[in-house]
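No lab work stands behind these numbers, since they all come straight from the coordinates. Remember, it's a predicted structure, so these values are computed and weren't measured experimentally. As a convention, Cβ positions derive from the backbone with ideal geometry for all residues, glycine included, and neighbour counts pool all protein chains shown.
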Amino acid sequence: MFNRRTFLKSGLTTGAAALPLASALDALHLAFAAAAEETAPNAATNLAPRLMGLPARLAPVDPAAESWLQRVRRVGQSNMTEHDPAVMNIEEWADYWHGCQTDIVFISVTGILAFYPSKVKFHRHGKFLNGRDFFGECVAAAKKRGMRVVARMSPDLNWGDALEAHPEWAMRNSDGSVQFNGEEPRLFRTCMFSTYMDDYVPAIMREVNALYDVDCFYTNGWPPLGSLPECHCAICAKLPPANTVAYWHAFNDRLFELWQKYDAIAKEKKPDSFFFANLGGNIHAGPNLDRLGKIAAWFQGDNQGRTNEDPAVWGCTLHGRVCNAVLDGKFAANVTAAYSTGEVAWRNAAKNPAETKMWLNETLASGLTPYYHFIGSEDGFGEDRRWQKVGADYFRWSAKHDAHFRVRRSIANIGVVMGQSTQLLYHGPSTARSHTYMRETTHGMYETLLTGRFAFDYAHEDRLDPEHLSKYRALLLPNIAMLSDRQCDQIRDFVRRGGSIMASFETGLYDENLKSRTDFALADLLGISKAGEVVGTNGNAYYARLERPHAILDGFADTNWLPGAQNRVPLKPVRDAVLTVVPGFVRYPPELAYPPVSHTVQPAVVLRETGSSRIAYFPGDIERTFWLTGHGDLLRLMHNTIRWITEDERVVHVDGPGFVEMFAWETNPGYAVHLLNYTSPNAHHGWMQSVYPLGPQTVSLKLPPGVRAKSVELLCAEQSVPFHSEGQLLRFTIPSVADYEVAAVTIS
Ligand SMILES: [Zn+2]
């Protein structure tokens, strides 16, 4: 046995005798560790953390002061095809969405094909349009039923006649050739820096505004999702090279110039109209999300289902957390594709209902507005109709509980720094540019927080000021490689005010322009200094040798070392290291699989305490290595470390079995605790096939002074549950969770 207790008994390792073990907190952790050994494999969910009181409630909302958009709760779209004017029954279409209690529908204007008799040059009429005003008839049918209308455009592609007249509109390859659409080569890709966006797109918007009563304008297909464009046209040739920081700034400047121009055109007819666009890519988004959050009325997540690159079930909630980091409570929706998304796609066939429903659950849980989507009417209302009941049942159910789904603010106490520039521009320790490295890091951190049932938000790198960070007990920096001096000062300020930090790997080793720094930008704060270039793995990854007892090692027994990570930054020695590096060695042949050097003075973690601030730094890419391997030691080490830096303070505690994602919100009626049940063989791959129900979940919250619970209602089970109040402490039990449950606390 080699754990905290035997450490104390035996004084087994160097440094143990000198260790200040007497603090009450350490004693507490010791008791926890002992309890954990006897009872539970997962330390993070079975011990009783310290419950912190919730902050004073926000002032109530005045419904009269709300915009029409803030009242939108359900969004619908039949994505119209060229053939629809020949076959679509407009009354049936409008009845379906109206019957689902949909507040607003997307109707295609497009830009690739006109769905009305457009007079704008190169706005080609669909071949089944035959002069019919299909768009206008759809708008009238929606309006007759009280639904609002989004005029949906696609400025990303156009046809050969436009290319012939305007060769300058096309995106070009480096050899000067035109970039065509990969699936339909008759369509060329339009360049966002060209006059196509300045002249053609506004002409369509003005034509639509003149002819129809639409409520807002939207562009599909632009800006690009999840990556930056690479174009070599005459205009782009004068811009900084693609995928550099300087290019990113030029891209953002152009994007926001167009956004504001389109928004002004939308408002030419009605001041409460606006423009918005597709924003996919979540944490890998192209547009600067801080700038976007300030100007976007509607933050639209084109994040319709799992992808091969992001195979985990939490893809929608991850997006929701990104939205919430930059929106300041403004409207956001996320699209759920009822059709079969993915690498092998069937755009006209319904996907597994359990998967579709989970994506909708995630939308609501993360505070976004659900938006349901199927392709076309011929297929959507003819060939495969299975999606209809799934969406209708879901929308009608959600409509009964709208008050509890309108979130005011997250009550999380952990902020995960969202390094958008690192996600987009940093390539990881290899030299090849790739988003994969940071995807893996993101998912490793995310799963760690989910399995530990921590309440957390994303904090955007450009919003690290006290106004945005003061609610957090701790900030996590999972390999936030690019940090400016200003951002570092803001993080120092957060720590000075008593906040804690957990950081890893190359955090702060690059500036905001991706220029390498000679030492960590936060070397002073983290108590570290770089001793060499990144060391990767050749065979066996490195190990971390246990040097002395510490709360972050709770639950580890019968081992002198733990797995390290795939890559690490060598550090100069520190005093009283808790873990030291055993350098990696070959895995094969086994004859040579032993450490030539079994003990070094290089730290494998650096821990510091100043007042209430606790700081932990891992020199390895520990989150990412956990994602690649699923090694439970790495998970336990991160859970323990997050608990240590937060002094185990929680704002909401949910105890019970299962792999669950949790959200906790302040709402107008009170509070809402959302539990998403991901316990399934398909949580990490493929689609949900069925539901694996969970047993009782006990929820604890400490309400603000003067606030009393009046009722606790389970919105999915549609039943009330008893609750216990002791002072400000509120406890109740959710007897079981199918795929999703929302415990809505109404206060008096
Ligand atoms: Zn270009």
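Points to keep in mind about this one:
- Environment charge of residue 610, counting only residues whose C-beta is closer than 14 Å and scoring Lys/Arg +1, Asp/Glu -1: +1
- Local electrostatic count at residue 95 - Lys and Arg +1, Asp and Glu -1, tallied over other residues with Cβ under 12 Å: 0
- Theoretical FRET efficiency, 1/(1+(r/R0)^6), r = Cβ-Cβ of residue 244 and residue 572, R0 41 Å, to 0.05: 0.80
- Over the chain: helical MRE at 222 nm, DSSP H runs n ≥ 4 each giving -39500 (n - 2.57), nearest 500: -8000 deg cm²/dmol
- The packing ranking, built from the mean of other Cβ atoms within 10 Å per residue, places the peptides 311-318, 124-131 in the order 311-318, 124-131, highest first.
- Annotation: average projected area of the chain is 33.0 square nanometres, based on the convex hull of Cα atoms across all directions.
- Relative contact order for the chain, counting Cα pairs under 8 Å that sit 6 or more residues apart, in percent: 13 percent
- Beta-bridge orientation, the chain: approximately 55 percent antiparallel, per DSSP, counting only bridges with both partners inside.
- Cut-off 11 Å between beta-carbons: net charge of the residues surrounding residue 266, Lys and Arg +1, Asp and Glu -1: +1
- Percentage, to the nearest whole number, of Cα pairs in segment 632-675 over 16 Å apart: 57 percent
- Extension gain, residue 309 to residue 486, is 60.5 nm, computed as 0.36 nm per intervening residue step minus the present C-alpha separation.
- Under 5 Å, built H, 5+ apart or other chain: amide partners of residue 582: 543, 544, 545
- Projected label points at residue 206 and residue 655, each 7 Å from Cα along the beta carbon direction, are separated by 6.7 nanometres.
- Whole-Å distance, taken between Cα centres, linking segment 362-436 and segment 637-671: 21 Å
- Residues residue 726 and residue 493, FRET efficiency given R0 of 35 Å [Cβ-Cβ distance, rounded to 0.05]: 0.40
- Equivalent ellipsoid semi-axes - Cα gyration tensor, segment 531-683, angstrom: 34, 20, 13
- Fraction of the pair-distance distribution of segment 237-285 above 18 Å, Cα-Cα pairs, percent: 48 percent
- Label-to-label distance for residue 173 and residue 690 is 4.9 nm, based on points extended 7 Å past Cα in the beta-carbon direction.
- Using the Cβ-Cβ distance between residue 130 and residue 230 with R0 = 45 Å, the FRET efficiency computed as 1/(1 + (r/R0)^6) comes to roughly 0.70.
- For segment 654-747: relative contact order, % (alpha-carbon pairs under 8 angstrom, 6 or more apart): 34 percent
- Once the Kirkwood radius over Cα pairs is known for segment 93-235, the Stokes-Einstein relation at 25 °C and 0.890 mPa s delivers a diffusion coefficient of 151 µm²/s.
- Rough spin-label spacing in nm, given labels placed 7 Å along Cα→Cβ, for residue 165 and residue 213: 3.3 nm
- The alpha carbon radius of gyration of segment 654-747, expressed as a multiple of 2.2 N^0.38 Å, is 1.14.
- Label zone at residue 470, where the point sits 7 Å out along the Cα-to-Cβ direction: segment 391-415 residues whose backbone N lies under 18 Å: 409-415
- Within straight-line cross-link reach of residue 572, lysines at Cα separation under 16 Å, skipping those fewer than 8 residues along the same chain: 530
- Rounded to 10°, Cα long-axis angle of helix 386-399 versus longest principal axis of the chain: 70 degrees
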